[in-house]
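All of the numbers you see were taken from the coordinates with simple rules; none came from a lab. Quick caveat: nothing in here was measured; it's all calculated off a predicted structure. Quick reminder, even Gly has a Cβ in these numbers, built from the backbone with ideal geometry, and neighbours come from all protein chains shown.
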Amino acid sequence: IMSSIDDIIDSGGTIVNAAKMLTNKGAKEIHVYITHGVLSGDAVKKIKHSPIKNLVITDTIDNSKKINGAKNIEILSISNLLGEALKRISNSKTRIIYFNTANNISSNLNWHMLSLVTFKTSEIDFLP
């Protein structure tokens, strides 16, 4: 299983090519987590027909119409996260936000979404 976390996806070419290479090297599943899904040009078509099992993007850019019919692309709302952050800032509380299923984020995405919010650099993790 390969998991990739990045801050932005535009044309999709880089991640699709990486997914193909990793599949050729033996990766069984490829999951991609992106904060900002620009998805320009034929990005959705590339991703839809790629070896990427699941691409999760946030709703910082409205792509609901673009991804219609792409079963391997999921949009995750960050409205609760932004609301909680604003509330904590205005109340001078810690800005560390702990994720759980009560925040409407599935438990298997907790670590990945925390990484999206925390990190600005790209990383690829090879998981056993």
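What order, most packed first, do the peptides 82-91, 5-14 have when packing is the mean number of other Cβ atoms within 10 Å of each residue?
Details: 82-91: 11.0, 5-14: 16.8.
Going by the mean number of other Cβ atoms within 10 Å, highest first, we get 5-14, 82-91.
For a protection proxy built on the mean count of beta-carbon atoms within 10 angstrom, sort 67-73, 45-51 highest first, please. All intermediate terms of the calculation are to be shown ahead of the outcome.
Details: 67-73: 14.6, 45-51: 17.1.
Ranking, from highest mean packing down: 45-51, 67-73.
Apply 1/(1 + (r/R0)^6) to the Cβ-Cβ distance of Asn24 and Ala70, taking R0 = 25 Å, and write down the FRET efficiency to the nearest 0.05. All intermediate terms of the calculation are to be shown ahead of the outcome.
Values: r = 23 Å, r/R0 = 0.91.
With a Förster radius of 25 Å, E is 0.65.
Looking at region 1-90, what % of the alpha carbon pairs are farther apart than 21 Å? Could the numbers behind the result be given before it?
Numbers: 1260 of 4005 pairs.
The proportion of pairs with Cα distances above 21 Å equals 31 percent.
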